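*Asks:* Submitted below is the structure of interest, expressed as structure tokens.
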């Protein structure tokens, strides 16, 4: 009974198991630098668990990658907005609400976009705006285009003192000194967050 090439089947299984992830411009340039040190495209792709086509695309766009900020993941901003003026007003509303420390949910963005779409100004400007659904997928695109994220309100963090590094080093030195002086075993030393005692 012929079972076929076992190596080929294992290779196909490995390819399908690769995780999709987005690489930043800095990471892409580091992978390109590894390739340029004399490694083959296949070897580089295997080491970083990427497809060889990804590496070829990055090599073609190396000049663009050198010019963008290191944290950028996509060179293209995505699709252009279908209703740019509406999105501009929606973005202004979003920023104003956030500046007043108001919570802005995805549903609120969706509802506000629909209410803006009912205005006569936008009805005249965009003849097909009545057909717009402003779905969750549209909200995703809007937030991606404008680098917006959902945030949960937390308590206000304390500001660190200006000399916190020095204070931290002094505290660490004190702890190490006490450990040597009193011969505390490491098993009895623990780190805890601040916990209120009632």
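The values are calculated or read from the model by the stated rules, or taken from the named source; none is laboratory data. All values reported here derive from a predicted model rather than from experimental measurement. When we count neighbours, we look across all protein chains shown, and the Cβ atoms used for this are built from the backbone with ideal geometry, even at glycine.
*Asks:* How about the range 70-189: which helices (runs of 4 or more DSSP H) wholly inside it have at least 3 residues that are surrounded by 13 or more Cβ atoms within 10 Å (Cβ to Cβ)?
*Replies:* Those helices (runs of 4 or more DSSP H) span 84-99, 106-117, 136-145.
*Asks:* Of the conditions (1) within 22 Å of the chain's Cα centre (by Cα); (2) touching a residue at least 40 places away in the same chain (Cβ under 8 Å), residue 82 satisfies every one except a single condition; which number is it?
*Replies:* With respect to (1) within 22 Å of the chain's Cα centre (by Cα); (2) touching a residue at least 40 places away in the same chain (Cβ under 8 Å), residue 82 is out only on (1).
*Asks:* Separate question: Only one of (1) at pLDDT 85 or above; (2) under 25 Å from residue 76 (Cα atoms) fails for residue 150. Which number is that?
*Replies:* (1)
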